[in-house]
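Peer 1: Pasting in a structure now, in structure tokens, and then I'll have a few things to ask.
The values are calculated or read from the model by the stated rules, or taken from the named source; none is laboratory data. Computed from a prediction, not measured in an experiment: that's the story for all the values here. Here the Cβ positions follow ideal geometry from the backbone for every residue, glycine too, while neighbour counts run over all protein chains shown. In case anyone asks, the SASA skips ligands and DNA or RNA and just uses the protein heavy atoms, side chains included. Shrake-Rupley method; radii C 1.70, N 1.55, O 1.52, S 1.80 Å.
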Amino acid sequence: MARTIKDIFCRYKTMKGFHVTRKAGWDTHGLPIEIGVEKKLGITKEDIGKKISIEDYNRECRTEVMKYKDLWDELTVLMGYWLNLDEPYITYDNRYIESVWFLLSRLYEKGLLYKGYTIQPYSPAAGTGLSTMN
């Protein structure tokens, strides 16, 4: 459903004559992946850097998050989603990370970043904020 809605808005603007870059992307940061890898390896957050190196842990997370990429690409083609699948952005790629830091620095320089307060779900077990409550 979410992919269809994203496609509808971009497709509508494209059909209205706007240039809409249709780039596939993979959001690879997330607590569900970390928890899944920890379960798969039989480790906890505290074991990272002790029983498993940070590099090996990160490698496992990258492998886990991309294991369904081919299926997502196939679904994308089958549903007729207008995307460039040949050059996707991947959020663990340093080029993507550096672009985000660059844009944040520009916002900071323009005085557009500020400290605010929000209510956010928090996981004491994971020691982190949660993006959604599922």
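Peer 1: Charges at C-beta only: +1 for Lys and Arg, -1 for Asp and Glu. How large is the resulting dipole of the stretch 1-86 about its Cα centre, in Debye rounded to 20? Can you show the working numbers first?
Peer 2: Numbers: 16 positive and 14 negative charges, 93 e Å.
Computed charge dipole of the stretch 1-86: roughly 440 debye.
Peer 1: If DNA, RNA and ligands are ignored and the probe is 1.4 Å, what is the ranking of Met15, Met1 by accessible area, most exposed first? Before the final figure, lay out each step's value.
Peer 2: Numbers: Met15 145, Met1 175 Å².
Ranking Met15, Met1 by accessible area, largest first, yields Met1, Met15.
Peer 1: What accessible area per residue comes out for the stretch 37-114, rounded to a whole number of Å², with a 1.4 Å probe?
Peer 2: Here the residues of the stretch 37-114 average 80 Å² of exposed surface.
Peer 1: Still on this structure: Of the listed values (1) 62; (2) 67; (3) 57, identify the label whose number matches percent of Cα pairs over 19 Å apart calculated from this model.
Peer 2: Given (1) 62; (2) 67; (3) 57, the calculated one carries the label (2).
Peer 1: Moving on. Over its Cα atoms, what ratio of radius of gyration to 2.2 N^0.38 Å does the stretch 40-105 give?
Peer 2: Working: Rg = 16.1 Å, N = 66, 2.2 N^0.38 = 10.8 Å.
Normalised Cα radius of gyration, the stretch 40-105: 1.49.
Peer 1: Once Lys and Arg get +1 and Asp and Glu get -1 on their Cβ, which of Ala126, Leu103, Ile35 lies farthest toward the positive end of the dipole of the chain?
Peer 2: Of Ala126, Leu103, Ile35, it is Leu103.
Peer 1: Sticking with this one: Could you please tell me the mean projected area of the C-alpha convex hull for the stretch 1-44, averaged over all directions and given in square nanometres to one decimal? Kindly include the intermediate steps, with their values, before the conclusion.
Peer 2: Numbers: hull surface 16.9 nm².
For the stretch 1-44, averaging the hull's shadow over all directions gives 4.2 nm².
Peer 1: Can you send over the carbon and sulfur percentage of the accessible area for the chain, probe radius 1.4 Å, protein chains only?
Peer 2: Values: 6420 of 10890 Å².
Roughly 59 percent, rounded to a whole number.
Peer 1: For a test of understanding, tell me how many lysine pairs in the chain have Cα atoms under 24 Å apart, given they are 8 or more places apart or on different chains.
Peer 2: Taking the chain as the scope, the lysine pair count is 17.
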